[in-house]
1. Distances in nm, one decimal, shortest first, from A:Lys117 to the same residue in every other copy, taking the label point 7 angstrom along Cα→Cβ.
2. Going 7 Å from Cα along the Cα-Cβ axis for the label, what nanometre distances separate B:Lys44 from the same residue across the other copies?
3. Go through A:140-151, A:207-218 and give me the packing order, highest mean Cβ count within 10 Å leading.
4. Per the Kirkwood formula on distinct C-alpha pairs, the Rh of chain A is how many angstrom?
5. Could you tell me what percent of the DSSP beta bridges with both partners in chain A are antiparallel, to the nearest 5?
6. Give the cross-link partners of B:Lys189 among the lysines, using a straight C-alpha distance below 18 Å as the criterion and excluding same-chain residues fewer than 8 apart.
7. Evaluate peptide A:101-107: per residue, the Cβ atoms of other protein chains within 10 Å of its Cβ; return the mean as an integer.
8. At A:Gln3, label 7 Å along Cα→Cβ: distances to the other copies, nm, ascending?
Protein chains: 2
Amino acid sequence: MWQLYQFPLCPFSRKVRLHLAEKGVAFELWRENPWEQRDEFVDKNPAARTPVIGNAERGITLVDSRAICEYFEETVDKNPLINGTAPMRAEIRRLVALFDENFFGDVTGPLLHERMKKRLVYRQSPDSRVLREAMKLAHEHLYYIDYLVDTRPWLAGATMSLADLAAAAQISVADYLGGLDWTGHEQAKSWYSVFKSRPSFRPLLAERMEVIQPPSHYGDVNW
Amino acid sequence: MWQLYQFPLCPFSRKVRLHLAEKGVAFELWRENPWEQRDEFVDKNPAARTPVIGNAERGITLVDSRAICEYFEETVDKNPLINGTAPMRAEIRRLVALFDENFFGDVTGPLLHERMKKRLVYRQSPDSRVLREAMKLAHEHLYYIDYLVDTRPWLAGATMSLADLAAAAQISVADYLGGLDWTGHEQAKSWYSVFKSRPSFRPLLAERMEVIQPPSHYGDVNW
């Protein structure tokens, strides 16, 4: 059995959880707060980041969400999510990077710092200037998703791919932290609503991070 | 012919240049300053980052350095650089992420901001506190490379891989910007010296970014 080291609001762990669920790979969740820099965890990953996934019976430890997803794409045939011709696969990976790096850097990362880490770790109040900037940039990212959804059935093309999972993972954390104003983003909202109904997504929506509560629409699949 | 949009001190473009050279793919360099947000460039990559690589005859544009490298791994057989069993490939990708994200975030990114962007774009002096912190973290990364080189012939295992290219790309930019103190890092230094002598690396070492000069040892392959 695979053991996934993660915490509920880690967007990269969420991407891996969605990926494993869509591919039918069974796994257990192990709670890890990477900011505590637990020795056993840093031994597994010197970068001290979640997610890490291990399989003791096979003697395998995998680190980095993209490396993990590529591994399961290579080893599990069911439901390929980096699929198609080489240029199509490059387009999927471009969008995964866009959400992992730019959406996270602009939106999810600042929201996690201000609304989760400052509360749980530093016992400080969030900086409203940083929150406003993150929410402003979130609009620009949602406009780009509107544009993609207007031109393609799924974000990277004709079929669901890792790009959709990466986007939904970031968006779900930003939404949990009250950082998204969906007004005027009907296309992005309709794409995300479909996604929220998938069996792979339901466990994420039901989960809560201690102390921090999401807005009422967060877990509502009919919203 | 492939056209690579890049600027001389972009570590992600350097990784792609090394990768293409090692795989024997011909390409032209096109100078792009991503901070200028040139319209034609943002049309190619909404994230407005280098590298971007295009091939007009084939009608292909590829974005994101990891997506680009995966594309050429999939389409060019010569000299595979993400090679081996699935766990070995995951180890290569883990290290690529470590250098692209952690080394860049801790060292190359702050150095580029303080010593290149502040000079060329903002006309400001570098913040010596930020530089000191980047150089301190650089030591920790060099210690990790010392450890890897002590236990393996190349960073990810028995053969040269994309992990070596990603590390050398980040290190070469940090070294150009005077951010590395090699004292006490004999293993990392010997690995890097071998790398500097490779034909793929020589064009990078000969290149200069306007206004900013590297330290005297930077381009010296016998140092």
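Every number in this text was worked out from the coordinates using simple rules, so none of it is lab data. Just so we're clear, the structure is a prediction, and the values are computed from it rather than from any experiment. With ideal geometry, Cβ positions are generated from the backbone for all residues, glycine too; neighbour counts draw on all protein chains shown.
1. 1.8
2. 4.1
3. A:140-151, A:207-218
4. When all Cα pairs of chain A are included, the Kirkwood radius is 17.9 Å.
5. Numbers: 9 of 14 bridges.
Roughly 65 percent of the beta bridges in chain A run antiparallel, per DSSP.
6. Of all the lysines, those that pass the test against B:Lys189 - Cα under 18 Å, at least 8 places apart if same chain - are B:Lys136.
7. Across the residues of A:101-107, the mean count of other-chain Cβ atoms within 10 Å is 2.
8. Taking the point 7 Å beyond Cα along Cα→Cβ, the inter-copy spacings are 5.3 nm.
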